[in-house]
Amino acid sequence: MVPEVVRADVSSFQRVFETELGYVATSLRRLGVAPRDVEDVAHDLFVEVWKRWATYEPSRPIRPWLFAFAFRFSSDYRRLSRHKVLVFVEKDGAAQGKAADELLVEHEQQRVLFSALESISEDRRGVFILFELDGVPMHEIADSLGIPANTAYSRLRLAREEFTAAAKRIKSKEAR
């Protein structure tokens with residue numbers, strides 16, 4: 001017979017897995033994991049989350065905690081030599097209700113976003129994504145990444161500069 005505590009843990013983990021898998025996949029993608037590998041990395045990530053499930057404090061938001069895992073897993077992923085060169089190409093199927101020109105604009109915006117994100121140094125990218133794209137408060141970012149708040153703010157400032165410069169560089173290359 002399975003103890004009630006274990007059954008409750010499995011149930012709460014399953015709920016988090018089902019509701020946050022999309023967020024984790026998006027975070028991995030933003031952190032540089034190639035689309036073809038996102039599912040595998042997310043699976044490995046959730047295996048590790050399950051192993052550490054007992055350390056999660058339910059009073060704290062789940063997304064910054066999961067993002068810390070995504071940050072580490074994407075870092076390990078990029079360190080592998082076979083992943084030194086990444087090409088981000090999203091394949092959009094036939095979307096209902098959207099015109100081809102709208103799809104092209106969306107695709108181009110995603111390409112610029114991922115290219116600019118890739119240009120931000122790794123330690124700053126996590127803070128940038130959590131704050132600017134996910135809307136996580138800075139104190140939660142600092143806690144989840146295990147850094148002082150002032151360091152997080154500094155990384156955000158530098159990441160914004162890197163992102164802006166990269167986006168301008170990408171746009172100017174295309175204008176030529």
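Ranking Ile62, Val112, Met138 by Cα position along the charge dipole of the chain, where only Lys, Arg, Asp and Glu carry charges on their C-beta atoms, puts Val112 farthest toward the positive end. Divide by every residue of the chain the summed helix terms, -39500 (n - 2.57) for each DSSP H run of at least 4, and state the resulting mean residue ellipticity at 222 nm, rounded to the nearest 500 deg cm²/dmol. Value at 222 nm, helices only: -24000 deg cm²/dmol.
The relative contact order of the chain, computed from alpha carbon pairs under 8 Å that lie at least 6 residues apart in sequence, is 22 percent. Both the radius of gyration and Dmax for segment 1-83 are 13.7, 46 Å, in that order, over alpha-carbon atoms.
Computed over the chain, the convex hull of the alpha-carbon atoms projects to a mean area of 13.1 nm². When peptides 51-62, 145-156, 102-113 are ranked by their average number of other Cβ atoms within 10 Å per residue, the highest-first order is 145-156, 102-113, 51-62.
With all pairs of separate Cα atoms included, segment 88-176 yields a Kirkwood hydrodynamic radius of 14.6 Å.
Over all pairs of different C-alpha atoms, segment 135-176 has a mean inverse distance whose reciprocal, the Kirkwood radius, equals 11.7 Å. In the elastic network of the chain, a GNM with C-alpha springs shorter than 10 Å, the most mobile of Ala25, Ala34, Ala165 is Ala165. Sort out for me the Cα centre separation of segment 5-68 from segment 109-176, rounded to whole Å. Here the answer is 22 Å between Cα centres.
Summing charges over neighbours of Ser144, with a neighbour being any other residue whose Cβ is under 9 Å away from its Cβ, gives 0 when K and R count +1 and D and E count -1. Residues within the reach of a label modelled at Leu80 (point 7 angstrom out along Cα to beta-carbon, backbone nitrogen below 18 Å), restricted to segment 24-64, are 25-49.
Each value in this text was obtained by applying a stated rule to the coordinates, not by laboratory testing. Quantities reported herein were computed from a predicted structural model and do not represent experimental measurements. Glycine gets a Cβ as well: all are built from the backbone with ideal geometry, and neighbour counts include every protein chain shown.
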